[in-house]
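No value in this document is a laboratory result; all are computed from the given coordinates. Since the structure is predicted, the reported quantities are computational estimates derived from the model, not experimental observations. Backbone-built Cβ (ideal geometry, glycine too); neighbour counts: all protein chains shown.
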Amino acid sequence: MSRSAHPAGPRYADVLPEGHYTAPPADLNSLDSRVWAQTVERTPDGSVTVGGLDVRRLAEEFGTPAYIMDETDFRARCRAWRDAFGQDADVFYAGKAFLSRAVVRWLYEEGLNLDVCSGGELATALAAGMPAERIALHGNNKSNEEIHRAVEVGVGRIVLDSFQEIARVAHAAERLGRRQPVQIRVTVGVEAHTHEFIATAHEDQKFGLALADGGAAEAVRRVLMLESLELTGIHSHIGSQIFDMAGFEVSARRVVGLLTQIRDEHGVELPEIDLGGGLGIAYTPEDDPREPHEIAKSLGDIVTRECEAAGLAVPRLSVEPGRAIVGPTAFTLYEVGTIKELEGLRTYVSVDGGMSDNIRTALYDAEYSVALVSRASDAEPMLSRVVGKHCESGDIVVRDAFLPADLAPGDLLAVPATGAYCRSMASNYNHALRPPVVAVRDGQARTIVRRETEEDLLRLDVG
Ligand code: LLP
């Protein structure tokens, strides 16, 4: 089959929706450091290495598709967040982005705390030895079992999300004879500029108690009356994949406003505020995320300024980055299968995974980059759509990308920045076997989550 390159030109403007790539990059072989993990490099022979290991060797040893995680980068990002926020603040990694026992140990060693949002995440954290006092439990519908277990093991914080939950947590703590530290999650009414499904601070949604209708203030009254609960602070998470710090500033200001109101009404100064996670990362070179030290400075300054203005002691700040830590540290390695050219439109490049290992493109219209990593190529750029092997036309991994026109079955492609919300949202759709997570560091690779097998699938199917 011969596949000609589509000439770069104005006709792409008709094909590509606004905001997507409109021209091929100058060099298809270059790997932009904004989207690739720290130790990823193109070698002189044209292939790509991570942690000093050739991706072709990784594909041979671990198979494809596989999530390849750069442990050096993960640890460096943990340290960058830790150092940026310093000793007067806590960084809780949001486990929903990606959690495994190895990751919990890295977090522990790098001095981070952990936010979990389910019994399963709590069990993983405890199994890996994270001290309970460094764990926070979230969720809008925690079960009684989850609450009981969290109180029993002594988690450092439960973030209360509703009136009913106040009663449930108080009940569990009373039964266990504990005084449970809690925060109250509030919705501050900020419109975060992100996809509707990942914005969480407007009032019309399931999370938290609103500042605007007095729900948050009423929750504070109720919690303060309960002996078994120790109210330590207020929590706000405004959404995800956010670049503009303005939303966080409004959130910080409104949370400090509530702290002031609590001091005036109850004579109590709460010692903590948590501003959640949600900091954006670069999925394509067009994205321009803030560095942890800029984020820390901006949040620290606004909290300090607002507290000073209100005459409040500055509370201990915490943040909950998930994506910003793990997202950039991994890429998904795929093998190219069927290639189908649609004359005058684009070329469909099928890979051996798809929406079962990355649902984000289908679900949020997320954009990703992609590169040929098993060799370099000086062929013409070819407008491509990287699709999976599932039985749906929405099974798209990368909607618009330029790949070399000599791409052939058997080549390896890598999609960067898939460390967050890809393995953790992976499914068995079409009975796909979820890919492994392979951690690479200093020339060593090891599986931290193994590939599923057909036996795994059949084990759940009890006939
Ligand atoms: N804290 C709370 C209370 C959260 O709900 C979340 C994310 C985070 C922290 C971490 O947010 P991050 O820093 O990772 O953005 N599946 C979606 C993202 C959903 C995020 C849910 N909560 C996605 O793939 O974009």
How far apart, in nanometres, would the label points at residue 144 and residue 427 be if each is projected 7 angstrom from Cα along the Cα-to-Cβ direction? 3.1
Neighbour net charge for residue 294 - beta-carbon separation under 14 angstrom, K R +1, D E -1: -4
List the residues whose amide H sits under 5 Å from the amide H of residue 402, counting only those 5 or more places along or on another chain, with H placed 1.01 Å from N in the peptide plane. 384
Count the net charge of all other residues whose Cβ sits under 12 Å from the Cβ of residue 138, scoring Lys and Arg as +1 and Asp and Glu as -1. -3
Tell me, Kirkwood radius of segment 94-233 from alpha-carbon pair distances, in Å? 15.6
Distance between Cα centroids, segment 240-314 to segment 63-108: provide it in whole Å. 22
Applied in sequence order to segment 162-176, the curve 6.51 cos²θ - 1.76 cosθ + 1.60 (Karplus, θ = phi - 60°) yields integer Hz couplings, x standing for Gly and Pro, of 7, 4, 4, 5, 4, 5, 5, 5, 4, 4, 4, 5, 4, 4, 8
Rounded if a/c under 1.5, otherwise prolate or oblate - segment 33-72, Cα gyration tensor axes: oblate
Loop only per DSSP, at most 13 neighbouring Cβ atoms within 10 Å: give me the trypsin sites (Lys or Arg not before Pro) in segment 401-463, ordered by residue number. 450
Report the dimensions of segment 138-321 along its three principal axes from the alpha-carbon atoms, largest first, rounded to Å. 53, 37, 29
Percentage of interatomic Cα-Cα distances in segment 345-463 larger than 23 Å: 37
Stick to the Cα atoms of segment 43-98, pair each with every other, and give me the Kirkwood hydrodynamic radius in Å at one decimal. 13.9
Counting pairs of alpha carbon atoms under 8 Å apart in space and at least six apart in sequence, what relative contact order in percent does the chain give? 21
Can you run phi through the Karplus equation (6.51, -1.76, 1.60; θ = phi - 60°) for segment 29-43 and list ³J(HN,Hα) in whole Hz, with x for Gly and Pro? 8, 6, 10, 5, 5, 5, 10, 9, 4, 3, 9, 7, 9, 8, 8
Directionally averaged shadow of the chain, computed from the convex hull of its alpha-carbon atoms, nm²: 23.6
Please work out how many pairs of lysine residues in the chain are eight or more positions apart (or on different chains) and have Cα atoms closer than 22 angstrom. 4
Gain in span if fully extended, residue 450 to residue 265, counting 0.36 nm per residue against the direct Cα distance: 61.2 nm
May I ask for the Kirkwood hydrodynamic radius of segment 20-129, worked out over all distinct Cα pairs and given in angstroms to one decimal? 16.4
Around residue 383: net Lys/Arg minus Asp/Glu count, Cβ-Cβ under 9 Å: +1
